[in-house]
Amino acid sequence: MADMKGCGGGDDDDDEGPSSRTMTTVSRHIFGDDPDKPAFSISIVENMKEEYGLFVWPCSVILAEYLWQQRSRFSRPSVVELGAGTSLPGLVAAKLGLDVTLTDDSNRLEVLENMRRVCDLNKLHCGGADMGSLGPNHIQFKAKRCSWC
């Protein structure tokens with residue numbers, strides 16, 4: 001379930017073309033077995049700019065829901081999300097107590113910064129990257145036990 005909330009508008013300068021305008025929103029995705037008492041929610045900052053896909057893709061919602069529904073199948077594995085973008089599945093995996101590494105294109109600094117931003121927004125501690133193992137375009141955080149695992 002996603003609840004869209006605006007957190008910023010586009011650029012109001014009429015001299016700029018449509019491709020330079022952006023719309024930033026925050027979507028909220030709720031996970032739990034009881035609709036009245038969700039286990040947790042994930043907030044995602046989305047930027048609806050045409051040049052890149054910094055928005056929650058439908059397949060990531062499906063994968064995140066699968067992780068929640070099948071959480072008993074994951075016995076403390078490590079997860080790597082390739083091309084994480086908004087990182088919804090990776091953040092759900094972290095909330096489930098898994099060790100997660102988020103990766104994306106190192107040339108898209110706005111995407112990497114957004115990955116850190118959504119980790120902070122969801123109160124997930126992002127550790128620094130080990131530059132020797134995967135390179136500068138990934139974010140890692142170690143799991144903490146959670147009450148719903």
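The values are calculated or read from the model by the stated rules, or taken from the named source; none is laboratory data. Keep in mind it's a predicted model, so treat the numbers as computed, not measured. Because the Cβ atoms are built from the backbone with ideal geometry, glycine has one as well, and the counts that use them run over all protein chains shown.
For His138, the conditions (1) buried (at least 18 other Cβ atoms within 10 Å of the Cβ); (2) at pLDDT 85 or above; (3) over 12 Å from the mean Cα position of the chain (by Cα) all hold with the exception of (2).
Yes/no matrix, rows are residues, columns are (1) at pLDDT 85 or above; (2) of a type in the set (Phe, Trp, Tyr); (3) under 18 Å from Leu112 (Cβ atoms):
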position: Thr25; (1), (2), (3): yes, no, no
position: Tyr52; (1), (2), (3): no, yes, yes
position: Pro58; (1), (2), (3): yes, no, no
position: Gly83; (1), (2), (3): yes, no, yes
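Matching residues to (1) buried (at least 16 other Cβ atoms within 10 Å of the Cβ); (2) modelled with pLDDT under 90; (3) touching a strand residue (DSSP E or B) at 6+ places or on another chain (Cβ under 7 Å):
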site: Pro38; (1), (2), (3): no, no, yes
site: Asn47; (1), (2), (3): yes, yes, yes
site: Tyr66; (1), (2), (3): no, no, no
site: Ser87; (1), (2), (3): yes, no, yes
site: Gly90; (1), (2), (3): yes, no, yes
site: Ala93; (1), (2), (3): yes, no, yes
site: Asp105; (1), (2), (3): no, yes, no
site: Leu112; (1), (2), (3): yes, yes, no
site: Ala129; (1), (2), (3): yes, yes, yes
